[in-house]
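Visitor: Let me begin by handing over the structure; questions about it come next.
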Amino acid sequence: MTEPSAASDIDAVETSEWLDAIDAVVEHDGLDRARQLLTRVVERAQHIGSGPIATLNTPYVNTIPASLDEPIPGDAAMERRLRSIMRWNAMAMVVRANKTTSELGGHIASYQSLATLYEVGFNHFWHAASQDHGGDLVYFQGHSSPGNYARAFLEGRLTEAQLDKFRQEVGGEGLSSYPHPWLMPDFWQFPTVSLGIGALTSIYQARFMKYLSARSITETDGRKVWAFLGDGEMDEPESLGAIGLAGREQLDNLIWVVNCNLQRLDGPVRGNGKIIQELESDFRGAGWNVIKVIWGSRWDALLDADVDGRLVHVMTEAVDGEYQTYKSRDGAYVREHFFGKDPVLLDRVAHMSDDEIWQLNRGGLDQQKVYSAYSQAVREVGRPTVILAKTIKGYGMGTSGEGQMIAHQAKKMAEEALLAFRDRFELPLTDEQVRAAEYYKPPEDSPEMQYLREQRTALGGSLPARRRTSEPHKVPELEAFSSQLEGTGEREVSTTMAFVRVLATLLRDKQIGKRIVPIVPDESRTFGMEGMFRQVGVYSHVGQLYQPQDSEQLSFYKEDRHGQILEEGINEAGSISSFIAAGTSYSAHNEQMIPFYIYYSMFGYQRVGDLVWAAADSRTRGFLLGGTAGRTTLNGEGLQHEDGHSHVLFSVVPNCRAYDPAYAYEVAVIIQEGLRRMVAEQEDVFYYLTLMNENYVHPAMPEGSQEGILRGMYLLRDAGPVAGGRAGSVAGGRAGGTKSKKPRVQLMGSGTILREVLAAAELLEADFGVLADVWSVTSFTELRREGVEIDRWNTLNPLAKQPKVPYVTTQLKGRQGPVVASTDYIRSYPEMIRAWVPGDYRVLGTDGFGRSDFRKALRSFFEVDRHHVVVSALKALADDGVIPMKQVADAIKRYEIDPAAPMPTTV
Ligand SMILES: Cc1ncc(C[n+]2csc(CCOP(=O)(O)OP(=O)(O)O)c2C)c(N)n1
Ligand SMILES: [Mg+2]
């Protein structure tokens, strides 16, 4: 990063001869020739054994020299005036929201540092979606939302009353604290405030746009993805984690602007180093075009005069901690502590007043420099671009925040600071108006407002703006999946296989086949999907440059420019980012796509939970498939693979519908319904299904079970008419027998454990003469969702003639006996419905760390197998006095259960 200092040069004359030689080459034969010669010289030195010489860094100056700046088109002075108004209103919004208390919070300093970076984009670069343009996609920095609102206010999209409701989201009229498509569905497109998420998802968005073009879904050429990121935010692994992919995939439709204001929340980002230089080498190494925008135009003359490199040397030596301090002081301080590092430089600035030194501006706050960078970025071909723009946190806030350690959290401004702000940005406000932090909007017919409108009209309209729906599509009827509905006969298959067949059917569907986006993180073979490689191809922007090793085989590994599968490699965070891009395509690209992202369920929510939340907030539509799910079903993989809780985790996501199906027909019914709601009805929900790798026979779909499958439960095995009660024969089974007086229980199961529950029913009858009805519970979370809603309704409508009754209650009411539930998940999962289960309810579950063994051993260890179901059912009956307690003890003995075995949670 640092140049060798002058002191360590053993032969300064020789050095200057070499430098003169290079100057001469540049003068006579140009920069390219100079680069060629230097490359050869470096190669030679390395060949001799010098070790690596070439550095990924350039000196600490702008990448675009002043001589190559492109004059900003339009009215620069007008733009400054408008920007000043935005600055004021954004600041006023936060100050007003926090006048009485600081309860609502908000940020002033971040937007003040990047106002220029935004406004140059708004005035000159960012297209809204219109007839002529598909629209650029801008990932705005989350906590700079006041700046977006300030612009929307001037553009007439928001009223003063709305600005005054900043961060008062309850009731629907307020402005959301951060970008939330869920809370402001016509405004915000991308939820970015959880730092790192915007960075990662913007890369996959750009990649997905290339995919849409390559697959001829829609042309995305000429559209750009812009992401605004903080320099502190770059420390998130998610931020830098996929920059290699962006370089490799040549995403020249992607532009990142990293606002290097040198500060994060607590203090400097790299007090002892230089964030811009560090990021420069990271990005250049990853194949990006890097544009550094460090110094503003007022430095041009000084830099031009710096033929001996002394100024650049001092610039390069000073660390970010110093740069922050300079901007919190004044011109005299900068003279002494910056220029004063080299007496020659002090002489060079001797003619300048302290004030002039103070005016030396930073690149990211200079609209000319920013314009040049953006203009070059949008023209770049074959590489993504990152613009590293140096700014000042809290710019303009003076003692209330400018370059101050506390800048990030400042929500109030002292009166003098407000007045100084007004003066600095030349706002036409009286002292009184300033003290009241009144909003300012020039008259509609003023030149400012006209200019503002003209610039946006030329670019197609306002931004951000979100599209709510796209054209709906007809989805296949359930009959299309007849092979799943008819049962497998003798054949044993897994629900994963059933799903893969459903997917294969969908891929062939004339209406929506091409809209299906299969996404896998290097697990296709795990899930038996390798046949699809050949069938629909793996997307690659360069096609297949090699003959695949398995080219002789029927289904070889086929990479293809038109490929449909997104094979993301071992990268769950990237895969779910693709899921978000595809699942929000209806909004961002006006083309409904339907992602099916299949992964190891354990590496799902708990690995990428924040991205799941972002998917939900983004109103993503699609299917998440947690493969090899369950704590005992994926039997050989042990503690870090065996998922016993993903359903509990997904239960917290409001718009996620989660299911744990046991049979192929349940999988088909749920997916068909998901398609109907998301694609035909354009509902903003998404689905999570757990899939298993255990093979077994699947029965045909019982008549009339469809509603129950979707609502969360249906009767699968009916033990016959109830003594003195109603006879509830849903699933065929044994209806019609004589009414029995035998003891009876209700058993519930889901996923593969449903089969243990069915076996338990047989044992109860055979070994203990107890009748058992069995319920397939496809979703405890759906049953709970309805229960909660109905409880609330009944509470708030106490005088209603007809209180509502949850589905789970209506199903179980009138049925005889205690209820026992067993699943492959922790007890919290079946616990969810306790409030609405009439009578005695007992749950079994796989609480504790997973481990590897045979399924049978694991199910016995976690006490969710048939024997433990029987024992629990008998105990419930005995507690109720229906059978003697001794029968429970007999069962424990008979099934060789060790009553002294430790709780699985403790071992
Ligand atoms: C994942 C995550 N962690 C922490 C935060 C809280 N947070 C919000 S802004 C911020 C500092 C941001 O600094 P920087 O990225 O440099 O942005 P700046 O405001 O300086 O432009 C922090 C820690 C968050 N929003 N998301
Ligand atoms: Mg910062």
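The values are calculated or read from the model by the stated rules, or taken from the named source; none is laboratory data. Please read these numbers as outputs of a predicted model, since none were measured by experiment. Please note: Cβ atoms are built from the backbone with ideal geometry, for glycine as well, and neighbour counts cover all protein chains shown.
Visitor: As an exercise: evaluate residue 262 against (1) surrounded by fewer than 24 Cβ atoms within 10 Å (Cβ to Cβ); (2) within 16 Å of ligand 1 (Cβ to nearest atom) and give the number of the one condition it does not meet.
Guide: In the conditions (1) surrounded by fewer than 24 Cβ atoms within 10 Å (Cβ to Cβ); (2) within 16 Å of ligand 1 (Cβ to nearest atom), residue 262 misses (1) alone.
Visitor: Kindly list the number of the only condition in (1) buried (at least 24 other Cβ atoms within 10 Å of the Cβ); (2) within 16 Å of ligand 1 (Cβ to nearest atom) that fails for residue 273.
Guide: (1)
Visitor: Go over the candidates 69, 9 one by one and state the one that is more than 16 Å from ligand 1 (Cβ to nearest atom), in contact with a Ser or Thr (Cβ under 8 Å, 6 or more places away or on another chain) and at pLDDT below 90.
Guide: From the options 69, 9, the qualifying one is 9.
Visitor: If you don't mind, there's one more thing I want to ask. Quick one: would you say residue 154 is touching a residue at least 12 places away in the same chain (Cβ under 8 Å) and more than 23 Å from residue 470 (Cβ to Cβ)?
Guide: Taking the combined requirement at face value, the residue satisfies it.
Visitor: Are any residues in the stretch 765-786 within 14 Å of residue 654 (Cα to Cα) and charged (D, E, K, R), and if so, which ones?
Guide: Scanning the stretch 765-786 gives 782, 784, 785, 786.
Visitor: Related question: Please give the number of the condition residue 108 fails out of (1) surrounded by fewer than 24 Cβ atoms within 10 Å (Cβ to Cβ); (2) hydrophobic (A, V, I, L, M, F, W, C); (3) within 16 Å of ligand 1 (Cβ to nearest atom).
Guide: It fails just one condition, (1).
Visitor: Out of the residues in the stretch 276-314 that are away from ligand 2 (no atom under 16 Å from the Cβ) and of a type in the set (Val, Ile, Thr), state the one that is surrounded by the fewest Cβ atoms within 10 Å (Cβ to Cβ).
Guide: Ranking the candidates gives 307 first.
Visitor: Please find, among 392, 387, 406, the residue that is free of Cβ contacts under 8 Å to residues at least 12 places away in the same chain, among the hydrophobic types (A, V, I, L, M, F, W, C) and within 16 Å of ligand 2 (Cβ to nearest atom).
Guide: Among 392, 387, 406, only 406 is free of Cβ contacts under 8 Å to residues at least 12 places away in the same chain, among the hydrophobic types (A, V, I, L, M, F, W, C) and within 16 Å of ligand 2 (Cβ to nearest atom).
Visitor: What's the total number of residues in the stretch 512-530 that are modelled with pLDDT under 95 and either farther than 15 Å from residue 598 by Cα or surrounded by fewer than 19 Cβ atoms within 10 Å (Cβ to Cβ) (or both)?
Guide: Within the stretch 512-530, residues that are modelled with pLDDT under 95 and either farther than 15 Å from residue 598 by Cα or surrounded by fewer than 19 Cβ atoms within 10 Å (Cβ to Cβ) (or both) number 5.
Visitor: Taking the conditions exactly as written (more than 16 Å from ligand 1 (Cβ to nearest atom), assigned to a helix (DSSP H, G or I) and buried (at least 22 other Cβ atoms within 10 Å of the Cβ)), does residue 123 satisfy them or not?
Guide: Here the answer is yes, as residue 123 does meet what is asked.
Visitor: Only one residue in 257, 225, 170 is away from ligand 1 (no atom under 14 Å from the Cβ), among the β-branched types (Val, Ile, Thr) and buried (at least 19 other Cβ atoms within 10 Å of the Cβ). Which one?
Guide: 225
Visitor: Quick one: which of 149, 139 is crowded, with 19+ Cβ neighbours inside 10 Å and within 16 Å of ligand 1 (Cβ to nearest atom)?
Guide: Sole residue among the options that is crowded, with 19+ Cβ neighbours inside 10 Å and within 16 Å of ligand 1 (Cβ to nearest atom): 139.
Visitor: If you go through the stretch 290-305, how many residues are in a loop (DSSP other than H, G, I, E, B), closer than 16 Å to residue 352 by Cα and of a type outside the set (A, V, I, L, M, F, W, C)?
Guide: Within the stretch 290-305, residues that are in a loop (DSSP other than H, G, I, E, B), closer than 16 Å to residue 352 by Cα and of a type outside the set (A, V, I, L, M, F, W, C) number 0.
Visitor: Suppose we filter the stretch 367-414 for residues that are in contact with a Lys or Arg (Cβ under 9 Å, 6 or more places away or on another chain), β-branched (Val, Ile, Thr) and under 19 Å from residue 90 (Cα atoms); how many remain?
Guide: Count: 2.
Visitor: Continuing with the same structure: Could you identify the single residue in 579, 533 that is over 14 Å from the mean Cα position of the chain (by Cα) and crowded, with 19+ Cβ neighbours inside 10 Å?
Guide: 533
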